[in-house]
There are 2 protein chains.
Amino acid sequence: MGEALNGVKRTIMCGDLRESHIGNKVTVMGWVQRKRNLGGLIFIDLRDREGILQVVFGEAINNEAFIKADTVKSEYCIAVTGDIVKRESINENMPTGMVELKGENIKILSESETPPIYIKENLDASEAIRLKYRYLDLRRPDMQNIFKIRHRTAKAIRDFLDKEEFLEMETPMLTKSTPEGARDYLVPSRNYPGMFYALPQSPQLFKQLLMVSGYDKYFQIVKCFRDEDLRANRQPEFTQVDLEMSFVEQDDVISLNERLIKHVFKEVIDLDIKLPIKRMPFAEAMSKYGSDKPDLRFGMEIKNLTEAVKGCEFKVFNDALANGGSVRGLTVEGGASMGRKDIDRLGEFVKTYKAKGLAWIQYKEEGIKSPIAKFLKEEEINAIIEKAEAKVGDLILIVADKNSVVLQSLGALRLELAKKLDLIKDKNEFNFVWITEFALLEYNEEEGRYSAAHHPFTMPMDEDIEYLDSDPGRVRAKAYDLVLNGEELGGGSIRIHDTKLQEKMFNVLGFTSESAWERFGFLLESFKYGPPPHGGLAFGLDRMVMFLAGTDNIKDVIAFPKNQNAFCPLTEAPNVADEKQLNELGIEIQKTEE
Amino acid sequence: MGEALNGVKRTIMCGDLRESHIGNKVTVMGWVQRKRNLGGLIFIDLRDREGILQVVFGEAINNEAFIKADTVKSEYCIAVTGDIVKRESINENMPTGMVELKGENIKILSESETPPIYIKENLDASEAIRLKYRYLDLRRPDMQNIFKIRHRTAKAIRDFLDKEEFLEMETPMLTKSTPEGARDYLVPSRNYPGMFYALPQSPQLFKQLLMVSGYDKYFQIVKCFRDEDLRANRQPEFTQVDLEMSFVEQDDVISLNERLIKHVFKEVIDLDIKLPIKRMPFAEAMSKYGSDKPDLRFGMEIKNLTEAVKGCEFKVFNDALANGGSVRGLTVEGGASMGRKDIDRLGEFVKTYKAKGLAWIQYKEEGIKSPIAKFLKEEEINAIIEKAEAKVGDLILIVADKNSVVLQSLGALRLELAKKLDLIKDKNEFNFVWITEFALLEYNEEEGRYSAAHHPFTMPMDEDIEYLDSDPGRVRAKAYDLVLNGEELGGGSIRIHDTKLQEKMFNVLGFTSESAWERFGFLLESFKYGPPPHGGLAFGLDRMVMFLAGTDNIKDVIAFPKNQNAFCPLTEAPNVADEKQLNELGIEIQKTEE
């Protein structure tokens, strides 16, 4: 059993001690990072949230404390009182390295067994162990730094939005299916056995209702839930910075949000973002980068080679064009020397994106080298080189297929090449871009109908509304995503606030009037009573913190994350439930047939 | 279909216009509170989040706008541009009452049907209608004011705790049963069919783990969940201000939190709370006020009359004393004139608290009047009067029973009398008190064992630890509640951070070592690795906002609350679930036998 504090008070944090404190008597409390007994002197590196301080015990300083200090081990929790003195051998690598504490009194607040993981930066332990002993993993200074950044990020967001007269308002967790269309987490109801609440995938419907209610500017930092198979950097519960504004158009929402982001990045990592952030229409992002979240830290745009090969005798190209597809390529600067094996690997890579293959042309000093050269006339090859803007020494990589396959595979190949060839020179670059003019609808080939690209409340662009019936695929939306270094940081839209237009949208989406009314009736009903024009946006807070903290693992920015099976190795949730409680809820567990 | 903004921008809020704006051209947007057509002039009261502005349209100002303005009705959403001028007939009751807007241009942004409830303060509509049309109910200025208060309250809390170097950290929503012991909401798992997450009743275990992890000072404003039958002012999901600190003792936690409360009440309602807040041991609160959350805005303490009636011949009193109980009473100043019917009603009242009856003594000018006078000697009656500190004209109300019944019924009666007799003179008084030295354990007669009064991690008071085995009921806890005007605003404790003491606690509570380990094993395990002394507290944010906003209905401070059946009349949650999804979760709905 450890000693009690009994009125002993900490006077300062270990990590805060500096030369200016020399001569002060202080009391610090923390954990033993390491202990060295050099005969007559014992050195303890004492760690708290703010840093590490060297504490020295000696027979000559205080013999009782010296003897007690000798009993401590790593991760013991102790309190030490004594004078701050100048250190004999200064440690330039530690902020506290000019000073040390002469230990006159030590309390052992609690003991520690040998921890199963090291409490140090850049730990190389398995994820399973880190999650099981999360309370030790979270002791590591790099993890503590991340959660300081997370706190400061949320604080900066709230401070900014408060100044802009947004009201933070809470929306229900126990609610009804929201319109995102992913799988909901369900919560059985005891009052209505056999009925279920859904945990929200977003506060979308509620924030729109709050605009109808006249709250004018709403935001919330809020947990959202999706019961989807977990890919890397997905968690079943995640945190959104959700906001909505009334009496605004797209430019107003974009402007507010880029000022928000500028404020946050300045406050948290002292980065100056130049406003306005550039914008790029969705169509351009797709044709140049094969992605709605292009990474603009490097060039290598996709080149359309269709014109160059029109009428050629190469069957693969011809078939693609005949089926309404296209032929496009990437030009790898200085890539002409890339080996055959490497190129073959890239060919395998694009196949995972449904491309049938990868054609290539090495444009060498001595001439063209290409497996497809024999199918093409010289002027066709020259036209390709011209369209591809290739120079001597470059490599042209070509995909021919229907457009979606060509763009997606070349978009992915572009990112793969950037990694392989180390094309991103400035690792500290933050390259922001707004993607705008998204397609309102996506054609779902399986179901033979259009579905909402964003969600069914997104406002079409005024000039495209006329095509809603005649050519739905052509209609662009007042929707916008903020993309950073090839990742979506957030996205939103101007919403429909007109019952008739909203019902037309549901028609186009193949909802019957009843099914739409059943799911979203309360929103449609609210639109009968003077809804204001409104729009908003949601950022992923977890991803924002990942950028600010410089980690690419979402589990690093969530204190108690789930593993890939949505299981928590620390608490062992999910777990069995009481039969009695299941009866109260009116549900039972299905027998598995074996 | 309404008109689009088309680049028209709001320049100021309706409620913000003052005399200083005279001569400015402005654009405002909002809802039509009312319209009056006085022949050549149309007056519209236009409402937004900040207030109401008079807008005037006239043929002479702009005839086109005048004609259009005549088509609007209540709750139409409109935008108006024009000059701010001095109003002819000043309205002293409105902050904007010095000015009006001459409407030169009007856009009808959306129309409104006649709303089913009035958009006005102090609405007298049924709760069912208010919740069904919550988006209209939330338009009412008094509701909007409450949510501004709620926003400012959360902001003030965060600002204060940020300055005090607390880190706001998020804990999981999908987790395991927490130790409060109320019924959990369950969430079926798809990855582990037949297993369930629990929604947290509090972040208790996680915040203790964060202390073990060295985060030092944690807080979170967070949703918590309890699936209990809803009494008034209970909601299935509620919001806690949850905090925890390391290396502290009780006084440190109390001091920090009273400074927090002082800051919040000053920021939000400009109230000056004098610190330190008074403290009262639990035993004193119970004996004087029959409550662990005494309302100290009035006196009328419970008087112990046991000594006065010891050995008397009145069987009711004698039986109570013989069974180890007591005889206690309340003295109602000037109550001797209370009529027999009123007294009988009080008798019925105490019976709902299990008292068998209410004895009474009217101490009148002309002598004693009491149905029990015949059972008592004159000196016994005099002794009662003395102990009761009654004066001529007073009424003494007496309950005899076992102590718990006596104190609870008299405590409730005291509050009932305060209401009936209007004893709380200053309705604006905020009377805070810390209740300390709570009993650590409560004896559960049904189960024949002790259970934790607070939760099983609460630290016993040092001087009482020795009684944990011999006399558990005597052990007091390092626990503290902050009480305001008879309501619990928050509570917390210093926690056990020693594995051995924690295991002893589980023994006393009748947990087997296995069952304790199964439920809380990860916390016990973490205590092996140098846990710091720690303690904390949680406030109910909803209740805090109720005080700050001056409402006694929790539904007024939650934007989208549930009704008494945990049902949301707006969204109709809970609702049916998809058969397919239930299959994925491995659960089915029990057939009801009919």
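Considering B:299, B:329, B:290, B:311, which residue is of a type outside the set (Lys, Arg) and modelled with pLDDT under 95?
B:311
Checking residue A:381 against (1) more than 38 Å from the chain's Cα centre (by Cα); (2) in a loop (DSSP other than H, G, I, E, B): exactly one of these is not met. Which one?
Only one criterion is unmet by residue A:381, namely (2).
Give me the pairs: first residue in the stretch B:134-161 and closer than 27 Å to residue B:74 by Cβ, second residue at pLDDT below 95 and among the hydrophobic types (A, V, I, L, M, F, W, C), beta-carbon distance under 7 Å, and six or more apart or on different chains, which are they?
Qualifying pairs under 7 Å: B:136/B:117; B:136/B:119; B:137/B:117; B:139/B:119; B:140/B:119; B:140/B:123.
Being of a type in the set (Val, Ile, Thr) and within 27 Å of residue B:181 (Cα to Cα) is the filter; apply it to the stretch A:554-580 and report the residue that is nearest to the chain's Cα centre (by Cα).
A:558
Does the stretch A:458-474 hold any residues that are crowded, with 21+ Cβ neighbours inside 10 Å and over 24 Å from residue A:543 (Cα atoms), and which are they?
A:459, A:460
Rundown of residues vs (1) aromatic (Phe, Trp, Tyr); (2) outside the structural domain of residue B:103 (by TED's automatic domain parsing), yes/no style:
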site	(1), (2)
B:3	no, yes
B:24	no, no
B:35	no, no
B:45	no, no
B:51	no, no
B:57	yes, no
B:78	no, no
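Only one of A:317, A:349 is surrounded by fewer than 20 Cβ atoms within 10 Å (Cβ to Cβ) and in a helix (DSSP H, G or I); which?
A:349
Could you list, ordered by first residue, the pairs with Cβ atoms under 6 Å in which the first is in the stretch A:10-25 and more than 14 Å from chain B (Cβ to nearest Cβ) and the second is of a type in the set (Val, Ile, Thr) and assigned to a loop (DSSP other than H, G, I, E, B), at least 6 apart or interchain?
Going by the 6 Å Cβ cut-off, the qualifying pairs are A:17/A:96.
Go through the stretch B:229-264 and count every residue that is more than 16 Å from the chain's Cα centre (by Cα) and of a type outside the set (Gly, Ala, Ser).
Of the residues in the stretch B:229-264, 19 are more than 16 Å from the chain's Cα centre (by Cα) and of a type outside the set (Gly, Ala, Ser).
Could you list all residues from the stretch B:500-517 that are in a helix (DSSP H, G or I) and more than 9 Å from chain A (Cβ to nearest Cβ)?
B:502, B:503, B:504, B:505, B:506, B:507, B:508, B:513, B:514, B:515, B:516, B:517
Conditions tested, residue by residue: (1) hydroxyl-bearing (Ser, Thr, Tyr); (2) in contact with a Pro (Cβ under 8 Å, 6 or more places away or on another chain); (3) outside the structural domain of residue A:402 (by TED's automatic domain parsing); (4) at negative phi.
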site: A:313; (1), (2), (3), (4): no, no, no, yes
site: A:339; (1), (2), (3), (4): no, no, no, yes
site: A:344; (1), (2), (3), (4): no, no, no, yes
site: A:354; (1), (2), (3), (4): no, no, no, no
site: A:360; (1), (2), (3), (4): no, yes, no, yes
site: A:366; (1), (2), (3), (4): no, no, no, yes
site: A:385; (1), (2), (3), (4): no, no, no, yes
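For the stretch A:535-558, which positions are in a helix (DSSP H, G or I) and acidic (Asp, Glu)?
Selection gives A:542, A:556.
So, residue A:471, is that one without any contact (Cβ under 8 Å) to a residue 24 or more places away in the chain and assigned by TED's automatic domain parsing to the domain that holds residue A:535 or not?
yes
In the stretch A:553-566, what residues are at the interface with chain B (Cβ under 7 Å from one of its Cβ atoms) and on the phi < 0 side of the Ramachandran plot?
A:559, A:560, A:565
Determine which single condition residue A:307 fails, assuming it passes every other condition in (1) crowded, with 16+ Cβ neighbours inside 10 Å; (2) in a helix (DSSP H, G or I); (3) not aliphatic (A, V, I, L, M).
Failed condition: (1).
If you take just the strands (runs of 3 or more DSSP E) that sit entirely in the stretch B:1-100, which of them hold at least 2 residues that are loosely packed, with under 14 Cβ neighbours inside 10 Å?
Once the strands (runs of 3 or more DSSP E) in the stretch B:1-100 are filtered for at least 2 residues that are loosely packed, with under 14 Cβ neighbours inside 10 Å, what remains is B:25-38.
I'd like the full set of residues that are in a loop (DSSP other than H, G, I, E, B) and out of contact with any Asp or Glu (no Cβ under 6 Å at 6 or more places or on another chain), limited to the stretch B:326-343.
B:334, B:338, B:339 - these are the residues of the stretch B:326-343 that are in a loop (DSSP other than H, G, I, E, B) and out of contact with any Asp or Glu (no Cβ under 6 Å at 6 or more places or on another chain).
When you look at residue B:550, is it more than 7 Å from every other protein chain (Cβ to nearest Cβ), under 20 Å from the mean Cα position of the chain (by Cα) and on the phi > 0 side of the Ramachandran plot, yes or no?
The answer is yes for residue B:550.
Of all strands (runs of 3 or more DSSP E) completely enclosed by the stretch A:167-261, which ones contain at least 2 residues that are free of Cβ contacts under 8 Å to residues at least 40 places away in the same chain, at the interface with chain B (Cβ under 8 Å from one of its Cβ atoms) and aromatic (Phe, Trp, Tyr)?
The qualifying strands (runs of 3 or more DSSP E) are A:196-198.
With respect to residue A:392, is the statement that it is modelled with pLDDT of 95 or more and surrounded by 16 or more Cβ atoms within 10 Å (Cβ to Cβ) true?
Against the criterion (modelled with pLDDT of 95 or more and surrounded by 16 or more Cβ atoms within 10 Å (Cβ to Cβ)), residue A:392 does not qualify.
All but one of (1) more than 9 Å from chain B (Cβ to nearest Cβ); (2) assigned to a helix (DSSP H, G or I); (3) hydrophobic (A, V, I, L, M, F, W, C) hold for residue A:154, so report the exception by its number.
Unmet for residue A:154, out of (1) more than 9 Å from chain B (Cβ to nearest Cβ); (2) assigned to a helix (DSSP H, G or I); (3) hydrophobic (A, V, I, L, M, F, W, C): (1).
Residues that are in a helix (DSSP H, G or I) and over 34 Å from the mean Cα position of the chain (by Cα): does the stretch B:355-373 have at least one?
yes
With respect to residue A:52, is the statement that it is closer than 18 Å to residue A:21 by Cβ, in contact with a strand residue (DSSP E or B) (Cβ under 6 Å, 6 or more places away or on another chain), of a type outside the set (Phe, Trp, Tyr) and within 14 Å of another protein chain (Cβ to nearest Cβ) true?
For residue A:52, the condition - closer than 18 Å to residue A:21 by Cβ, in contact with a strand residue (DSSP E or B) (Cβ under 6 Å, 6 or more places away or on another chain), of a type outside the set (Phe, Trp, Tyr) and within 14 Å of another protein chain (Cβ to nearest Cβ) - is met.
Conditions (1) crowded, with 20+ Cβ neighbours inside 10 Å; (2) more than 30 Å from residue A:142 (Cα to Cα); (3) in contact with a strand residue (DSSP E or B) (Cβ under 9 Å, 6 or more places away or on another chain), marked per residue:
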residue	(1), (2), (3)
A:477	yes, yes, yes
A:501	no, yes, yes
A:510	no, yes, yes
A:514	no, yes, no
A:526	yes, yes, no
A:536	yes, yes, yes
A:544	yes, no, yes
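I'm told residue A:396 meets every condition in (1) farther than 21 Å from residue A:283 by Cβ; (2) touching a helix residue (DSSP H, G or I) at 6+ places or on another chain (Cβ under 6 Å) except one. Can you identify the failing condition by its number?
Checking residue A:396 against (1) farther than 21 Å from residue A:283 by Cβ; (2) touching a helix residue (DSSP H, G or I) at 6+ places or on another chain (Cβ under 6 Å), the one that fails is (2).
Assess whether residue B:132 counts as being over 27 Å from residue B:67 (Cα atoms) and modelled with pLDDT of 95 or more.
Yes; evaluated as a whole, the condition is true for this residue.
For every residue, the table says whether it meets (1) surrounded by fewer than 21 Cβ atoms within 10 Å (Cβ to Cβ); (2) free of Cβ contacts under 8 Å to residues at least 24 places away in the same chain.
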{"position": "B:340", "(1), (2)": "yes, yes"}
{"position": "B:359", "(1), (2)": "no, no"}
{"position": "B:388", "(1), (2)": "no, no"}
{"position": "B:407", "(1), (2)": "no, no"}
{"position": "B:411", "(1), (2)": "no, no"}
{"position": "B:416", "(1), (2)": "yes, no"}
{"position": "B:424", "(1), (2)": "yes, no"}
{"position": "B:428", "(1), (2)": "yes, yes"}
{"position": "B:441", "(1), (2)": "no, no"}
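The values are calculated or read from the model by the stated rules, or taken from the named source; none is laboratory data. For clarity, every value in this text was computed on a predicted model and none was experimentally measured. Note: ideal-geometry Cβ built from the backbone for every residue, glycine included; neighbour counts use all protein chains shown.
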